[in-house]
Amino acid sequence: MAKDTSWSDKLEGLDDAVLPFQVDALDIRGRTVRLGPALDAVLAHHDYPAPVKRVLGEAVALTALLGSSLKFDGRFILQTQTDGPVDMVVVDFVSPDKIRAYARFDKDALARAEGANTLTPAALLGRGHLAMTIDQGLSANRYQGIVALDGEGLEAAAHQYFQQSEQIPTRVRLAVGEEMRAGGAPSSWRAGGLLAQFLPEDSRRTARGDLHPGDAPEGSATHSVGEDDAWVEAQSLVGTLEDVELIDRDLPSERLLFRLFHERGVRVFEPVSMRAHCTCNRDRVKGVLASFEESERREMIQEDGTVGVTCEFCGRTYSFSAEDVLGSPDA
């Protein structure tokens with residue numbers, strides 16, 4: 001396995017980082033992610049039940065895999081809206097390394113769900129849609145891709161997104177687990193993921209057959225194209241990954257990649273660190289309040305003459321006076 005020895009010693013046991021890799025023999029490029037303390041820091045701001053933590057952990061891992069590919073100062077936002085017990089998830093990544101997240105869930109629906117503690121994140125999300133937004137700042141337009149969530153979870157939705165929007169053959173694996181500690185100490189959470197993409201120089205190797213003919217006459221001929229052998233092999237190798245391998249603190253990402261691709265040769269590149277960090281501040285929240293109509297701001301004022309705003313991501317509460325909100329002491 002080729003690597004830059006100036007930083008390779010940092011890889012051993014490295015958590016909270018994305019590790020880019022490349023398999024030249026298979027024309028594969030990708031990234032792995034390992035999250036430990038950073039995920040705990042994201043989850044600590046809310047008293048989520050364990051099933052909700054699993055859903056949010058998968059979303060954070062997927063966002064880290066996708067957001068870390070940004071080549072500019074910007075943000076990547078992943079958001080779900082679904083009909084399941086966990087009906088909304090929002091993960092906000094600010095390049096190069098800041099991530100925050102929160103989930104909205106129905107306590108009653110979660111309590112009614114049979115075997116809720118063992119339900120998969122896909123089942124807890126249910127059906128709806130997944131939106132992924134790339135925001136390059138004020139100087140550029142936003143780009144947003146939306147795909148359906150059909151009860152199969154974030155992995156399947158990511159595959160559909162790359163197939164429809166980017167037309168890049170892609171395979172994604174995500175895993176989340178709770179790590180119990182000895183002596184009754186609080187448990188910790190870990191998440192991991194791997195994204196592999198088939199990017200040959202000859203674009204004809206990624207050609208796909210026709211889409212389903214829909215209401216075309218029965219028996220209509222369709223053009224079919226077999227998958228490239230290299231991509232078939234890569235998918236097969238990624239398919240052997242077990243969840244525990246993606247989150248095992250004793251199996252660093254570098255070793256995991258060697259285990260998967262050693263026969264073909266794999267190169268790894270400098271890791272990108274990840275950290276839990278909320279971008280909220282008093283001035284930004286005040287600016288959001290200012291965007292409301294004056295009548296709406298008046299309705300926000302409580303009996304004690306203040307307005308309280310709590311950040312959904314980090315739980316921090318900001319208090320403003322009526323003068324702060326309305327702009328003059330006589331308002």
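Nothing in this text is a laboratory measurement; each read-out follows from the coordinates by a stated rule. In this text the structure is predicted, and so the values were computed from the model without any measurement. Here Cβ is always computed from backbone atoms with ideal geometry, including for glycine, and neighbour counts include all displayed protein chains.
Ratio to report: Rg/Rh of region 251-331, with Cα atoms as the point set and Rh obtained by the Kirkwood method; give two decimals. Could you put the intermediate results ahead of the total?
Working: Rg = 23.9 Å, Rh = 16.6 Å.
Ratio of gyration radius to Kirkwood radius: 1.44.
Taking 0.36 nm per residue of sequence separation and subtracting the Cα-Cα distance, how much length would be gained by fully extending the chain between Ala290 and Ala25, in nm to one decimal? Don't skip to the end; give the middle numbers.
Values: separation 265, 0.36 × 265 = 95.40 nm, distance 5.55 nm.
Gain on extension, Ala290 to Ala25, equals 89.9 nm.
With Cβ to Cβ distances under 12 Å as the rule, what net charge do the other residues near Ala122 carry (K, R +1; D, E -1)?
Values: positive: Arg54, Arg127; negative: Glu58, Asp150, Glu152, Glu155.
Spelling it out: positives minus negatives among the neighbours equals -2.
For region 12-98, take the alpha-carbon Rg, divide it by the Kirkwood Rh, and send me Rg/Rh.
Details: Rg = 14.5 Å, Rh = 14.3 Å.
Looking at region 12-98, the ratio lands at 1.01.
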What ranking of Lys71, Lys286, Lys107 emerges when the number of other C-beta atoms within 10 Å of each C-beta is taken as an exposure proxy, fewest first? Lys71, Lys107, Lys286
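In square nanometres and to one decimal, what's the mean projected area of the convex hull around the Cα atoms of region 50-164? Don't skip to the answer; put the middle values down first.
Details: hull surface 28.0 nm².
Projected over every direction and averaged, the Cα hull of region 50-164 covers 7.0 nm².
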List the relative contact order of the chain as a percent without decimals, with contacts defined as Cα pairs under 8 Å and 6+ residues apart. 24
How many nm separate the modelled label positions at Thr317 and Gln144, each set 7 Å beyond the Cα in the direction of the Cβ? 3.2
Straight-line reach from Lys98: which aspartates and glutamates have a Cα under 15 Å away, not including same-chain ones fewer than 8 places off? Asp15, Asp16, Asp40, Asp73, Asp135
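Looking at the chain, do any whole DSSP H helices span at least 18 angstrom along their long axis by alpha carbon and average 1.0 or above on Kyte-Doolittle, and which? Mind dumping the intermediate values first?
Working: long enough: 50-67 (25 Å, 1.11).
Result, helices passing both filters: 50-67.
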Of Phe261, Leu251, Cys278, which is farthest on the positive side of the dipole of region 227-284, counting Cα position, with +1 on Lys and Arg Cβ, -1 on Asp and Glu Cβ, and the Cα centre as origin? Cys278
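For region 282-326, would you read off the P(r) tail past 11 Å as a percentage of all alpha carbon pairs? Each step should come with its number before you reach the end.
Details: 635 of 990 pairs.
Pairs farther apart than 11 Å: 64 percent.
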How large is the dipole of the chain about the Cα centre if only Lys and Arg carry +1 and Asp and Glu carry -1, each at its Cβ, rounded to the nearest 20 debye? 640
Extension gain Met88-Thr310, at 0.36 nm per residue separation less the Cα-Cα distance, in nm? 78.2 nm
